[in-house]
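K.L.:
I am attaching a structure below and will ask some questions about it afterwards.
The values are calculated or read from the model by the stated rules, or taken from the named source; none is laboratory data. The structure presented is a predicted model; accordingly, all values stated were derived computationally and were not measured. All Cβ positions, even for glycine, are placed from backbone atoms using ideal geometry, and neighbour counts span all protein chains on display. Accessible surface is based on the protein model in full, side chains and every heavy atom, while ligands, DNA and RNA are left aside. Shrake-Rupley method; radii C 1.70, N 1.55, O 1.52, S 1.80 Å.
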Amino acid sequence: MTEAKALIFEMSNPGRRAYSLPESDVPDKEASEYLPEDMLRQTPADLPEVSELDLIRHYTELSRRNHGIDNGFYPLGSCTMKYNPKIHEDVARYLGFSNIHPYQPEESVQGALQLMYELQRDLAEITGMDRVTLQSAAGAQGEWTGLMMIKAYHESRGDTKRDKVIVPDSAHGTNPASATVAGFQAVTVKSNEEGLVSVASLKEAVGDDTAALMLTNPNTLGLFEREIKEIADIVHEAGGLIYYDGANANAILGQARPGDMGFDVVHLNLHKTFTTPHGGGGPGSGPVGVKDILAPFLPKPVVGKGSRGYYLDDDIPQSIGRIKAYHGNFGMLVRAYTYIRTMGPDGLRRVSEDAVLNANYLMKKLQPYFDVPYQQFCKHEFVLSGNRQKKLGVRTLDMAKRLLDFGVHPPTIYFPLIVDECMMIEPTETESKETLDRFVEGMIQIAREAEDCPEDVQEAPHHTMIKRLDEVTAARKPVLRWTKE
Amino acid sequence: MNLPKELRYSDEHEWVKEEGDNKVRIGITDFAQDELGDIVFVELPEEGDELEVDSPFGSVESVKTVSELYAPVSGKVVEVNEDLEDSPENVNEAPYDSGWMIVVEMSQPSDLEKLMDADKYQAMVSED
């Protein structure tokens, strides 16, 4: 069907309409009567003219080309693409949550405030922190918020020369970026041969200019930083604070708490660990938890509880200020709260157990066919290297494209940078053994094809609507706008 | 792998060519461009910018990844390869020629002593 591939502009037929409006009962006025001449368009906008049915078919067809967790397996490492239970959608649509306004009087939104208050408390308990802000709208904003609080903390003590943030080379790319945006200089420490932070390099890197160390634990290789206590001590003794990037919190949920490991600040990604929808641009939610020493600098307001019920507490004189309009992405807070309440403590512990079990199952099954650079037990994710296949002329990118033919979203590739031809695989806890086995079969088939018929992989995908894209030309000479010839 | 003998090499995969008057031309090695794959964007400093040895001075973006460029020497940028803005593919096609990136007037010529010759660089990348 040609219509399926046509742009909506190409389907246009002059005069066709997808709407019909009743006659206006107020007098028509020319736009020039409202707006200055130089603000008015001189040529028609040339919008597509299509029927309602054409329009519906066009967007429905586009939506069918998407891949989401509701369509198939999505083992995108460090992104925790797990099932988002549909009960969250029911609860988020309760009128008391969906039909309220941020400027409503507090006494009329007590339920919403109670939910936020309890979510603050639950996330503090889960992370081992003392206080939590729910404002930030994403993981990276959480990182920035945490770093700004760290900065305010040092400055409040008159300690103004701390301008460096230490980041391991296996860290998420957002860590050095957030440090830079927050006005720090990012300093990299190298991992050791086990893929963990080198304590010796860290000792050399810290000093009286260290503001903080940012760490993901387990790290992007899926490995738990066993020396975490010593790492935290080294940074603290140098006068710095230690930041926990919660991207991989799915691995430790209910098992271990960043607060107990010595971390001073934590952000969580509700859109990863706490099953709010992820991908397609969000909205995300990245609450930040802090130890008491940083509480005076929390963004305001936070939700408090007093004799007259729940209220928005603006009385934080040393606050870094408001970081997001209103009160964060409230709908996401409702979903995460629902998740915590429906799972309960035992359910949340089971999440991390199954996530780690699934990742180790996949790693062991794939080990004979791919290079596994770090062989110890992994946590919720693990990395493979495509080096063996690269020698046959098949790159990791090719294998990722080939996976599309199996209806699987490829894993994260070429990250972390310290692994050659890297594939970072995170199956999550919500996949069945049968799904994992189907993925393993597909990966084994691809490894065989790399040996027997490499061109089948190099030219993949074969069964998708759009075949291999010319990514180089698309990046070098992007055509971002349709123009009428 | 093409590693001209007359150049010096940094462990961050840049090449350095001495051009007299304390000036050096800088680019990335054949090994680096091959590892990065097709390069789609090169971000360079401006003429007059001061570079500090081992600090980032720009970045190279390929379809695979974005990599920082680390200054192999300290000094002032006196020339920038403007052609790379429109033709980043020059870095892939001719890393030692039309793919050059900047010319720097060194502030501490002793930086050069820390760089490797072609054999030593070759040994380093073969180890990886």
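K.L.:
Please enumerate, by chain and number, the aspartates and glutamates with C-alpha under 17 Å from the C-alpha of A:Lys29, excluding those fewer than 8 residues away in the same chain.
P.N.:
Here the aspartates and glutamates satisfying the reach criterion relative to A:Lys29 are A:Glu37.
K.L.:
For peptide B:61-68, compute the average count of partner chain beta-carbon atoms within 10 Å of each residue's beta-carbon. List each step's numbers first, then the result.
P.N.:
Numbers: counts 1, 4, 9, 9, 5, 2, 1, 2.
Across B:61-68, the average partner-chain Cβ count within 10 Å equals 4.
K.L.:
Amide H to amide H, which residues 5 or more places from B:Ile28 or on other chains are under 5 Å from it, using H placed in the peptide plane?
P.N.:
Close amide H contacts, sequence-distant or interchain: B:Trp15.
K.L.:
Carbon and sulfur together cover what percent of the accessible area of segment A:88-342 at a 1.4 Å probe radius?
P.N.:
Details: 4890 of 9920 Å².
Carbon and sulfur together cover 49 percent of it.
K.L.:
Using the alpha-carbon centroid of each, what span in Å lies between segment A:389-417 and segment B:98-126?
P.N.:
Between the Cα centre of segment A:389-417 and that of segment B:98-126, the gap is 34 Å.
K.L.:
If you don't mind, there's one more thing I want to ask. Can you tell me the dipole magnitude for segment B:69-128 around its Cα centre, using point charges on the Cβ only (Lys, Arg +1; Asp, Glu -1), in Debye to the nearest 20? If you can, show how the numbers build up before the last one.
P.N.:
On the way: 3 positive and 15 negative charges, 75 e Å.
That gives segment B:69-128 a dipole magnitude of about 360 debye.
K.L.:
Which of the lysines could a cross-linker bridge to A:Lys467, judged by Cα under 16 Å and excluding same-chain residues fewer than eight apart?
P.N.:
A:Lys5, A:Lys401
K.L.:
Quick check for you: which residues of segment A:116-130 have the amide N under 19 Å from the point 7 Å beyond the Cα of A:Tyr326 toward its beta carbon?
P.N.:
A:116-120
K.L.:
For chain B, with all protein chains present and a 1.4 Å probe, just round the carbon and sulfur fraction of the accessible area to a whole percent.
P.N.:
Values: 2420 of 6470 Å².
Exposed carbon and sulfur together represent 37 percent of the surface.
K.L.:
Of the cross-linked pairs A:Lys477/B:Lys114; A:Lys229/A:Lys379; A:Lys365/A:Lys390; A:Lys477/B:Lys76, which ones have a Cα-Cα span greater than 29 Å in the structure shown?
P.N.:
Pairs exceeding 29 Å: A:Lys477/B:Lys114; A:Lys477/B:Lys76.
K.L.:
Let me ask another. Please name whichever of A:Ala447, A:Pro461, A:Leu348 sits farthest to the positive end of the charge dipole of segment A:346-475, dipole taken about the Cα centre and charges placed at Cβ: Lys and Arg +1, Asp and Glu -1.
P.N.:
Looking along the dipole axis, the top candidate is A:Leu348.
K.L.:
How much FRET efficiency would the formula 1/(1 + (r/R0)^6) give for B:Met124 and A:Lys365, where r is the Cβ-Cβ distance and R0 is 45 Å, rounded to 0.05? Before the final figure, lay out the partial values.
P.N.:
Working: r = 35 Å, r/R0 = 0.79.
With R0 = 45 Å, the Cβ-Cβ based efficiency is 0.80.
K.L.:
Tell me which aspartates and glutamates have Cα within less than 14 Å of A:Lys300's Cα, excluding those fewer than 8 residues away on the same chain?
P.N.:
A:Lys300 reaches A:Asp313, A:Asp314, A:Asp315.
K.L.:
On to the next question. Using a 1.4 Å probe, what is the accessible area per residue for the protein assembly as shown, in Å²?
P.N.:
Working: 30500 Å² over 613 residues.
With all protein chains present, the protein assembly as shown gives 50 Å² per residue.
K.L.:
What are the residues whose amide H is under 5 Å from the amide H of A:Gln185, where those residues sit 5 or more places off or on another chain and H is modelled from the backbone?
P.N.:
Long-range HN contacts for A:Gln185: A:Lys164, A:Val165.
K.L.:
Debye calculation, C-alpha points only, no solvent: report log10 I(q)/I(0) for segment A:346-475 at q = 0.12, 0.14, 0.16 Å⁻¹, in the same order as the q values.
P.N.:
Scattering profile of segment A:346-475, log10 relative to I(0): -0.46, -0.62, -0.80.
K.L.:
Okay, moving on. Please compute the length gained on full extension between A:His67 and A:Ala18, using 0.36 nm multiplied by the number of residues separating them and subtracting their Cα-Cα distance. Before the final figure, lay out the partial values.
P.N.:
Details: separation 49, 0.36 × 49 = 17.64 nm, distance 2.80 nm.
Fully extending the segment from A:His67 to A:Ala18 adds 14.8 nm.
K.L.:
Further, regarding this structure: Toward the positive end of the charge dipole of segment A:346-475, about the Cα centre and with charges on Cβ (Lys, Arg +1; Asp, Glu -1), which of A:Thr435, A:Val394, A:Gln367 goes farthest?
P.N.:
A:Gln367
K.L.:
How many square angstrom of accessible surface are buried between B and A, both sides summed, with a 1.4 Å probe and rounding to 100?
P.N.:
Working: alone 6910 and 24500 Å², together 30500 Å².
Heavy-atom accessible area buried at this interface is about 900 Å².
K.L.:
Could you calculate the FRET efficiency of A:Lys477 with B:Glu113 from 1/(1 + (r/R0)^6), where r is the beta carbon distance between them and R0 is 41 Å, rounded to 0.05? Please list the in-between numbers first.
P.N.:
Numbers: r = 42 Å, r/R0 = 1.03.
That gives a FRET efficiency of 0.45.
K.L.:
Using the Cα centre of the protein assembly as shown as the reference point, and only Cβ charges (+1 on K/R, -1 on D/E), how large is the resulting charge dipole? Debye, rounded to the nearest 20.
P.N.:
On the way: 61 positive and 104 negative charges, 562 e Å.
Dipole size: approximately 2700 debye.
K.L.:
Can you give the extra length, in nm with one decimal, that the chain gains between A:Leu392 and A:Arg41 once fully stretched, where that is 0.36 nm per residue apart less the Cα-Cα distance?
P.N.:
Working: separation 351, 0.36 × 351 = 126.36 nm, distance 5.70 nm.
My answer for the length gained is 120.7 nm.
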